[in-house]
Amino acid sequence: MASEDTLTRAEIAEHLNRQVGLSRADSAHLVEQVLDLVADALEKGENVKISGFGTFVLRDKNERVGRNPKTGIEVPITSRRVLTFRPSQALRDRVAGA
């Protein structure tokens, strides 16, 4: 893997090239298409579930009052949409066993 133990798009495409036999260009294009499909669904407000891997979940958080930890002054935190990832049990078991 790349430095700092990060898996990149290029490395995923390279794995597809070696293991599936797709050309480098086709592998890179396939990776981009899959990521675009996931991003488009999330942009539309849809959750994305990849069986055996996990679920990308969008949550709408309401406005609330927070507190600056240094000064103790209350600060309003605006409402926002956040993206979370919930791994499947299979992925949790696989990572825990690593």
Tabulated pairs, the stretch 45-56, first without any contact (Cβ under 8 Å) to a residue 24 or more places away in the chain and among the aliphatic types (A, V, I, L, M), second assigned to a strand (DSSP E or B) and surrounded by 13 or more Cβ atoms within 10 Å (Cβ to Cβ), C-beta under 7 angstrom, 6+ apart or interchain: VAL48/THR55; VAL48/PHE56
Condition test on ALA39, is it assigned to a loop (DSSP other than H, G, I, E, B) and free of Cβ contacts under 8 Å to residues at least 12 places away in the same chain? no
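Any read-out appearing in this document is the output of simple, stated calculations on the displayed coordinates, not a laboratory observation. Just so it is clear, the model here is predicted, and its values are computed rather than measured. Every residue, glycine among them, receives a Cβ derived from its backbone with ideal geometry; neighbour counts consider all protein chains shown.
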